[in-house]
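First comes the structure, then the notes that go with it.
What follows draws every value from the coordinates through simple rules; no lab data is involved. Being a predicted model, the structure only gives us computed values, none of them experimental. Cβ placement follows ideal geometry from the backbone for every residue including glycine, while neighbour counts extend to all protein chains displayed.
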């Protein structure tokens, strides 16, 4: 399977906003961040089990999937939810191609 921008846009568009979280790959409520939705697991970004999907997403968004998801880049990605911010970043990248 090819994990490209189009793949991730379609994948993340299909996940409801209420299934997203920040500051964790997954939480106790069954929600995930962008990398968590790609199967990445662990206690933090330093100690995690990665996946091919997760690595592909990090290559597409090298400025930091976690930072975009969590809203660290205030003002740059205006989405009010993690899903909206990740999709905004992916769509920007698509326009650059």
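Quick notes on this one:
- Share of pairwise Cα-Cα distances greater than 18 Å in the range 5-96 is 36 percent (whole percent).
- Cα-projected label distance for residue 51 with residue 14, points at 7 Å along beta-carbon direction, nm: 1.2
- In a fully extended conformation the segment linking residue 78 and residue 2 would gain 24.5 nm over its present Cα-Cα distance, using 0.36 nm per residue.
- The packing ranking of peptides 35-42, 87-94, 66-73, 1-8, highest mean first, is 35-42, 66-73, 87-94, 1-8, where packing means the average number of other beta carbon atoms within 10 angstrom of each residue.
- For the pair residue 63 and residue 91 in one chain, pulling the backbone fully straight at 0.36 nm per residue adds 8.6 nm over the alpha carbon distance.
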